[in-house]
Each structure stands twice: as structure tokens, then as C-alpha cells.
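Have a look at the structure below before the remarks.
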Number of protein chains: 2
Amino acid sequence: MNKTTPPATRQKGTPWSTPAQLLTDVPLPAAAILETPLAHNLAWMQRFADDHGAKLAPHGKTTMAPALFQRQLEAGAWGITLATAVQTVAAHAHGIARVLMVNQLVGRPNMALVADAIEAGLEYYCVVDGADNVRDLGAFFAARNLTLNVLVELGIDGGRCGCRDAEQVDALVAAIAAEPALALVGIEGYEGMIGGDDEIAAVRAYGERLVDTVKTLRASGALQREAPIVTASGSKWFDLIAEAFDKAELREHYTPVLRPGCYVVHDHKLYAGAMEAIKARDPALEGELEPALEVFAHVQSLPEPGLAIIALGKRDIGHEPDLPLPLRLYRRHDDDTSAPVDVRSWRATKIMDQHVFLEIPDSAEVAVGDVIAFGTSHPCLTFDKWRRMLLVDERLAVKEVIETCF
Amino acid sequence: MNKTTPPATRQKGTPWSTPAQLLTDVPLPAAAILETPLAHNLAWMQRFADDHGAKLAPHGKTTMAPALFQRQLEAGAWGITLATAVQTVAAHAHGIARVLMVNQLVGRPNMALVADAIEAGLEYYCVVDGADNVRDLGAFFAARNLTLNVLVELGIDGGRCGCRDAEQVDALVAAIAAEPALALVGIEGYEGMIGGDDEIAAVRAYGERLVDTVKTLRASGALQREAPIVTASGSKWFDLIAEAFDKAELREHYTPVLRPGCYVVHDHKLYAGAMEAIKARDPALEGELEPALEVFAHVQSLPEPGLAIIALGKRDIGHEPDLPLPLRLYRRHDDDTSAPVDVRSWRATKIMDQHVFLEIPDSAEVAVGDVIAFGTSHPCLTFDKWRRMLLVDERLAVKEVIETCF
């Protein structure tokens, strides 16, 4: 606790300093990133990409934490993927030199933000999927005397953004060619929208379609990059995309880019399940991602047998697709953190803005002031609840304060 | 746009300045608070409380915006209600002198934050519902040589926190009396957990139970405040609680406190419906709350007939209990903001972290770069997505940048 913290910074996640111990010194709730699995995940995913001859551009929207971006780059990442112009300039302002923005850049104020960053040295790529946007970008960046790198976005029927078929791709490529300020340097897709009965086969086919399309475009002379970019992959099927991209021709003449985001802290359910499926598809795969994000909160009230109200809510932790997952309980008067109680059988039944309802055994030994560590299902929507998160070691000592820039 | 904005502050909602025009100068998405309905709501709710002889302590967790807290106090509010210790110190650091924290204060670091604020002059109240917490608080504040004002929380069976019956209240009052550092000054409840077939009657009965309990405690000499506090009310049934509190005896000898939070910007569906019900219960009620919060976002992609992808996601706007509600469309090349297109018949069908899927008529005249203003159902979970929001006038000129301190 630092009583001299300037008033203007008294915000959630602020009033602590290092060195501190999470359970005794930090106002809870607090979001913790576990040092050891974090380091493991950073190395694991980089090695996975390396092994498949692909570059890694982790999706930074997951964390929006420049200190984690830097660790991803130090581990070998090619760049950082982002979703918006404001995310892009936030990352660039924190020293990120190469950003792949996997959305259309829309609106003059957003274009101006990006143009400023490019002028200041940012290597930037965005995607396009429609002629209107191509003309807008062409006019804007020509007026700024800048070249904008664009990738054609390839979508799927019933999906999100992106060209649905080869005809649309051709028309888009022609529109790009008509704009001297735009450089077409590759293609982009996102397989995460694929569903249905045979989704694995559909993802594989989509990966092949991306590869075929970038080859066709390269052969036609439409691509203005020595090693054109072909990129896809969220956090669920990155193995299938890596497999589709893992070809001698791509390794030699292209820049295949994978961009999972959630891997950096993984999770306790949604992506834990995806990891099991990945291992089932490749039993020889060494190691696996490990959960590295937990939110610590107090037992707030014990109003009835079988019910604990936790001082944790939608303002503090993601709750989709699953409610927060209780993991371990630390007794309030027990300074020995080596033996918390396993409470994975307890179950959150409801979440409100500032409270979680936890169904517990009638016989549970629990007191107001006990601390419970919660895991999540899908980490993205926990990160954006915090301005500052805590990097902790295995004894829950705070090693570093990680700032987010949402 | 201010190119000299320091890098460290390049975060969502930052890169703009006043004067600016929302549609042409601001990187979207952006959250806007409409000046005129905001001012109307501030005055309307204060008058409602005044008319019922109650004080108003708006729940500040809705906005966590000190500039709005100040406007609420200037309109006549008695204090600000908050949910956590960190919220409390954030508000106090921004000049809020009286805070009603409607949760138990749990955990030594949280107690220390509050003790520091009390020492620095904060008038602070929190609630208690269990003897363990009472003992913890008694010991902590005695050691700090401070008096802590507490209110007994009265709950309901199957509800959230709070004593379930008179027996529990009596035991709690005895525990408080045994702690010289604690001053019992009133009782608190929250009717928002009430449900079932006859919820209106149940809310009324709960209001009466609160009144009866505070009277009983006062008669017993347990209360250490000249005009003991009795407080309840969220944003849905504040009229029923106000009615229960609106008694000559309470006006004279007590401090009845209402604490709705969402009213300040109201909403377009959930609380709009609650307002209709309030008007139906009291047809003579003058005026009503008006929606004052909108989020503006670009049409990002038009990949298929009947589908618009919007550059707006879970990171930008609340999506519970209803997906974002499209209101008006502003054409990209049309600087005249006086005649936007009514798109309330369009419908969001899905939201992801950074995208909304909008079902639109096949014949809709719409282009990438058009701007759509969205309303929300329940405002709280939109505020916490933004570090800075824009106060705008009727022509969408930015009048003030409103900072949040989540």
C-alpha cells in the first residue's frame, strides 16, 4: 500500500506497489497473471509457430498490455495483431513497431490516427473487403503522400467480414490496383466463424482456400510484397491453420502468419477444451498451454447455508461463455499460501455487477474474508476489466504491475 | 485530433479534444452522453426524492464518473453510493465528501484504504450482515483509533447479502454494540433481488419491513445517530421504496435515503420499461427519465445482402440483457446531422469482442463508413468499457470529456 499514490490514479487496480503479497497487501478483487505458466505459454506458442514454418503475430486485443506484447516479441513474435485504429496507436505509442490490423480501417479520424503512426515509423497492415473502403483509403493516404499496406480479407458465407468468393476477390483486387496509395501485400482470413457438423474439415478447407488464393494472386502479379502474407487463426484451431500453411512453397516464398491471442494466458475451460482437442488431433505434440490468469476475491457474505456471496462481479471478471470458476480457497488467517483448499467442486450460479453467487456445500468451512482464486472461460473479457494487473510468482508475491491500455 | 497527445495516454477514448464534432473529428467507436436529457434526469430524480421527503445518494458504480458525481451533488444529492473500497477512495480522491458503501467492508487492505480516507475527512458508511465481519472491523478501526459508521443490512430469503430475520438482526446489533469502534447508525436493504408472481407487493412489504426495523432499533436505543438512516432502492422500483419511506415520522426523525444509479443516463429498453411501469403506478407523476447514453460506431463491412458488420463489440458497449439497439444512421458524406435515418427497426443478432452483426433490410441504403448511434439496455456495463466519454449537445458537438475511474 502506498499512501502517497497521487489522487488522480486512485482507480481499480491501482493502490498497491511492489514488493507486495497478493493475499495480505492488495485490495481485492485483483487480477493476477501467473509468472511461470505465462513464460511457458510464450515459449510454447512461439515454438509451435516456428515448427510449422510460420510467423507469429499474437492478437493483442486479448490483453492490450504492452508489457505482454513486449514479452511476445522477445519470445520471437513477428508483430502484434490488433482490431482497431485506437488499439494500433496505443500499441505503437508503447514501442510496437509492426501491427497487423485485421479489420477494415474506416472513418477519417481513424485513418488519421494510423497515418500519423505510419509517418512516425509504424509498419502497418490492414485488411479490405469492399471497393468503397478501398477508394476511401486510396484517396486519404494519397492525400497524405503515404503508402498503405492492405490484405484482401477472405470470408465465408454466413460469416463475418470478407469476400465470399473469387469473383468478389477479383473485383476487389482491381479496385486496389486503381489506387496508387495502396499496396496489396497478401490475404487474410478468420476461421473462427466456421461452425456446423463437419467444422474441422471446413476449417481445413478454408485454410487451403487461403493458400490457393494467395498463390493465384501472386501468380497474377497482383501482390506487391516479395514474400506475400497469408494469415489466419484464432485460439481454437490454430493447429489446423498451421497445418494448411505448413508447405515448403509457403516457407520459401511467402510469409505465413498465425495470430492466436488467448494462448498467452490460456484459460480454465473454453480454450482448455480446445487444447484437449488439439492434442487429440496430434498426440505427438509436446507439452500444452497452461492457464495463467486468475482473479482473487473475498468471500463477502455468508447469508444462508449453502450460499457464499463473493466480492467479484461483471466489473471484475468475464462471465461468458461460463461463469467464473472457483479454484482454490485461502483461509483469511492463514499466511501459509502453500496449502489452499481445492474448491473446484463449488459452483457459481449467478453474477451481478459487483457480486458472484457461489453454491457451496452446507458443511463447507468458509468465513467472510477468506479469499478465493477464480479461473475464467475465455480470457479476453477479463483483461478489459482492469487498468492494472499483477504478475505474481508461485508464492503470490507481486513481481510486476502490468498496465493495460484499453 | 491532437497529434501532441502524450503517447502514454493513447488509449481508447483518448485521442480527441474539445471543441470537436462527434461525427467528423472523433475516432469511433465513442460513447456519448447527451447533455440535455442528462440535465433533465439529474433534476427529475432529485425532485422525485425531494417530493417524497427522501435524500438521494445515487449509486455511483453505474458511471464511476466523478464529473457526473459532482453534477448529482450540485443537483442536491446527499452523497454518493458505492460498492467497493476502491470505488470509495477513487470518489473521495475526486472530491466526494460523503460515501454510502452498500457492501460489507472486507479484507485488511480494503479497510486500510477506507481508514485512510476517513482520516482525510471522508464521511463514510458501510453495511454489515455478519458477526465475523463486525469483529474484524471493530478490531481494525479500534487499532486505527477511528469510528466506523455501519448500517445493518436487511436481506431476503434466497436473496443476496443481509440478515434474513429479526433474530439475526438482534444478534448482529449485539455484536456491533460490543465493538466500541463501530457506530450503528441505521439500516440498509436492496429490493432488487425480489422476484416472483407478486413482486410489487413483495417490494412494498420489504420497504415496510425496513421502516419497521429501523423504528424498532431506534426505540431500543441501538442507533447512535440523531436521525438514523434507512436506505434502499435500485433503479427499477425506487417509487415503491420512496412510497414506503414517505411518512411524517421518517421525514422528521430519520434520514431516508434513495439510491438509484442508472437514472442519470437511463436507457432505451430495460429501464425504459421500468419507467413505463412507474408511470402506470402513478399516472399523476410529472415527466419521466430520458435516455442519455449512446454509442456511435461505423458500419465496418457489408459482406452479404441483409447483413451489416458494425465496428462495435463487447469491448465497447453492454450487451445484457439485450444486444445493442440501433437508433439512427448518419450518412458518411452528410455533414448535416439534423436528419439522420431512423433505424430502430434494424436488429443486432450477435455481438463479439469487436463486432456487432446487424440484420438490415436487403434494400437498406447503407455504406461502409456510415455511422450508427446505438442505445443500450442497462447502462452500467457500457460505462465500464470507457476511460473517457463525450458529453455532446444536440448537434453532436463535444462539450466536455467525461473521465471514468473504474
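The values are calculated or read from the model by the stated rules, or taken from the named source; none is laboratory data. Quick caveat, the model's predicted, so the values are computed rather than measured. Because the Cβ atoms are built from the backbone with ideal geometry, glycine has one as well, and the counts that use them run over all protein chains shown. Remember, those area values only see protein heavy atoms, side chains included, never the ligands or the DNA or RNA. Shrake-Rupley method; radii C 1.70, N 1.55, O 1.52, S 1.80 Å.
For this structure, a couple of remarks:
- Enumeration of residues in the stretch A:309-362 that are farther than 24 Å from B:GLY318 by Cα and touching a residue at least 60 places away in the same chain (Cβ under 8 Å): A:TYR330, A:ASP335, A:THR337
- Residue selected from the stretch A:376-405 under the condition within 30 Å of B:GLY234 (Cα to Cα) and buried (at least 23 other Cβ atoms within 10 Å of the Cβ), by the criterion farthest from the other protein chains (Cβ to nearest Cβ): A:THR376
- Pairs linking a residue in the stretch B:177-195 that is on the phi > 0 side of the Ramachandran plot to a residue that is assigned to a strand (DSSP E or B) and crowded, with 21+ Cβ neighbours inside 10 Å, with Cβ atoms under 6 Å and 6 or more positions apart or on different chains, are B:GLY186/B:LEU151; B:GLY186/B:ILE229; B:GLY186/B:VAL230.
- Of the residues A:GLU290, A:GLU403, A:GLU394, the single one that is at pLDDT below 95 and within 21 Å of A:ILE33 (Cα to Cα) is A:GLU394.
Condition check ((1) touching a Gly at 6+ places or on another chain (Cβ under 8 Å); (2) aromatic (Phe, Trp, Tyr)) across all residues:
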{"site": "B:LEU258", "(1), (2)": "no, no"}
{"site": "B:PRO283", "(1), (2)": "no, no"}
{"site": "B:GLU288", "(1), (2)": "no, no"}
{"site": "B:TRP346", "(1), (2)": "no, yes"}
{"site": "B:ILE351", "(1), (2)": "yes, no"}
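- Residue match in the stretch B:331-348 (condition: under 21 Å from B:THR36 (Cβ atoms), crowded, with 21+ Cβ neighbours inside 10 Å and either acidic (Asp, Glu) or in the same structural domain as B:GLY192 (by TED's automatic domain parsing) (or both)): no
- Only one of the numbered conditions (1) of a type in the set (Val, Ile, Thr); (2) open to solvent by 10 Å² or more (accessible area, probe 1.4 Å); (3) without any contact (Cβ under 8 Å) to a residue 60 or more places away in the chain is not met by B:VAL99, and that is (2).
- The condition of being more than 9 Å from chain B (Cβ to nearest Cβ), without any contact (Cβ under 8 Å) to a residue 60 or more places away in the chain, out of contact with any strand residue (DSSP E or B) (no Cβ under 9 Å at 6 or more places or on another chain) and of a type in the set (Asp, Glu) holds for only one of A:GLU119, A:GLU123, that being A:GLU119.
- Some residue of the stretch B:269-276 being on the phi < 0 side of the Ramachandran plot and part of a loop (DSSP other than H, G, I, E, B): yes
- Restricting the stretch A:203-223 to residues that are among the hydrophobic types (A, V, I, L, M, F, W, C) and under 29 Å from the mean Cα position of the chain (by Cα), the residue that is most open to solvent (accessible area, probe 1.4 Å): A:ALA205
- If you go through the stretch B:169-180 and keep only what is farther than 15 Å from B:ASP212 by Cβ and open to solvent by 10 Å² or more (accessible area, probe 1.4 Å), you end up with B:ALA171, B:ALA174, B:ALA175, B:ALA177, B:ALA178, B:GLU179, B:PRO180.
- Taking the stretch B:328-375 as the region of interest, the strands (runs of 3 or more DSSP E) fully inside it that hold 1 or more residues being of a type in the set (Phe, Trp, Tyr), within 14 Å of chain A (Cβ to nearest Cβ) and touching a strand residue (DSSP E or B) at 6+ places or on another chain (Cβ under 8 Å) are B:356-359.
- Only residues that are farther than 12 Å from A:VAL86 by Cβ and either open to solvent by less than 10 Å² (accessible area, probe 1.4 Å) or not assigned by TED's automatic domain parsing to the domain that holds A:ASN145 (or both) were counted across the stretch A:112-121, and they come to 1.
- Top-ranked residue of the stretch B:266-317 - restricted to ones that are acidic (Asp, Glu) and under 18 Å from the mean Cα position of the chain (by Cα), ranked as surrounded by the most Cβ atoms within 10 Å (Cβ to Cβ): B:ASP316
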